[in-house]
Every structure is written in C-alpha cells, then in structure tokens.
Amino acid sequence: MKILAIGGCGSMGRYAMRTAQNFSSVEKIVIADIDKESAETFDCW
C-alpha cells in the first residue's frame with residue numbers, strides 16, 4: 001500500500017504517519033504540507 005498524506009506535518013498527521021509506518025503492508029509514504037519548513041524537517045523514522 002502507498003500513502004499520500006496531504007497536510008501530514010501537523011500534529012495529527014505526524015501521529016498518523018508514525019502509526020502507519022508500523023504496518024507491514026505500507027511500502028511507501030509521501031508527506032505533503034503547505035508549511036514548507038515543517039515538511040522539510042519532518043522526521044518520523
């Protein structure tokens with residue numbers, strides 16, 4: 001499964017992506033956000 005998280009750098013998005021990364025069926029996560037600085041520094045791995 002591939003996930004596109006639009007607005008994924010906010011607190012809810014970060015929580016969701018940290019949770020999603022633990023599912024074995026997830027092969028790729030792409031995170032997009034209007035806040036460029038937050039998107040560039042996003043680190044959930």
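Any read-out appearing in this document is the output of simple, stated calculations on the displayed coordinates, not a laboratory observation. Keep in mind the model is a prediction, meaning the values are calculated, not measured. Here Cβ is always computed from backbone atoms with ideal geometry, including for glycine, and neighbour counts include all displayed protein chains.
Things to note:
- Sum of side-chain charges, residue 42 neighbourhood, beta-carbon under 13 Å (Lys, Arg +1; Asp, Glu -1): -2
- Gyration tensor (alpha-carbon) shape descriptor, the chain, a/c threshold 1.5: prolate
- Helical content alone sets the calculated 222 nm signal of the chain at -9500 deg cm²/dmol, taking -39,500 (n - 2.57) per DSSP H segment of four or more residues and averaging over every residue.
- With Cα atoms, 0 to 90° folded angle of helix 11-20 axis to the chain main axis: 20
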